[in-house]
Amino acid sequence: MPLRPGRCYRKFSGPAYTRKEYIPGVPMPKISKFTMGDPNKDYDYEVSLVLTQVGQIRHNALEASRVIAHKTMSTRVGNETDFFMTVNKYPHHVIRENKMMAFAGADRLQDGMRLSFGKPIGTAVRVYTQGEVLMKFYVKKQHLTFAREAFDIASKKLPLRTRVEVKPLK
């Protein structure tokens, strides 16, 4: 099986680090929209991108998968008002990194592991159980294959394994 991207921050241990009022310098999540399309239409199917692995997803991977799913769907369907897309997870967990200098002579300029709590570099979504829904499309019957294809493409941007589930609404 080929390796998935994003191996550095995929696994987690310990409690979530989420109290942003006590953390100086937390960068904003890159994800900009959580709902796209027309929520008021009468749709036939709900297509879900379900996570089948426990781990965490960085905010830039979540935004990349959202953008490619939305772009694929809007180019295939042709009109953005013919579907509705939601992102169900928000990146709350703050990721820290202990930056080290990695050039010649750096051994005399850094403290190494002393006080290595780390500085915030981004946020992530934590997935604690298998079967959690990451994103959903609500589509008409004629756009069902396009929604599946959009989520297949979007799942390649994520570090965790996923599956696509289809549920009829009527």
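General observations
- Residues that are crowded, with 20+ Cβ neighbours inside 10 Å, within 14 Å of A64 (Cβ to Cβ) and not hydroxyl-bearing (S, T, Y) within segment 146-156 comprise A150, F151, A154, listed in sequence order.
- The set of residues from segment 54-94 being of a type in the set (V, I, T), at pLDDT 90 or above and out of contact with any helix residue (DSSP H, G or I) (no Cβ under 8 Å at 6 or more places or on another chain) comprises V54, I57, V67, T75, T86.
- Residues within segment 128-170 that are of a type outside the set (D, E, K, R), over 17 Å from the mean Cα position of the chain (by Cα) and in a loop (DSSP other than H, G, I, E, B), tallied: 1
- Test for R114: is it at pLDDT 80 or above and farther than 30 Å from F137 by Cβ: no
- Subset of segment 14-27 that is outside any loop (DSSP other than H, G, I, E, B) and free of Cβ contacts under 8 Å to residues at least 24 places away in the same chain - its residue that is nearest to F84 (Cα to Cα): E21
- Of all residues in segment 33-67, those satisfying the criterion of being assigned to a helix (DSSP H, G or I) and not acidic (D, E) are H59, N60, A61, L62, A64, S65, R66, V67.
- Residue identified as charged (D, E, K, R), loosely packed, with under 14 Cβ neighbours inside 10 Å and not in a strand (DSSP E or B) among K11, K30: K11
- Consider segment 55-92 and keep the residues that are under 12 Å from L134 (Cα atoms) and basic (K, R). The one that is surrounded by the most Cβ atoms within 10 Å (Cβ to Cβ) is R66.
- Cβ pairs under 6 Å, 6+ apart, first in segment 63-80 and over 13 Å from D152 (Cα atoms), second surrounded by fewer than 16 Cβ atoms within 10 Å (Cβ to Cβ) and among the acidic types (D, E): S74/E80
- Scanning segment 120-145 for residues that are crowded, with 21+ Cβ neighbours inside 10 Å and out of contact with any strand residue (DSSP E or B) (no Cβ under 7 Å at 6 or more places or on another chain) returns no hits.
The values are calculated or read from the model by the stated rules, or taken from the named source; none is laboratory data. No experiment lies behind these values; they were computed from the predicted model shown. Note that each Cβ is placed from the backbone with ideal geometry, even for glycine, and that neighbours are counted across all protein chains shown.
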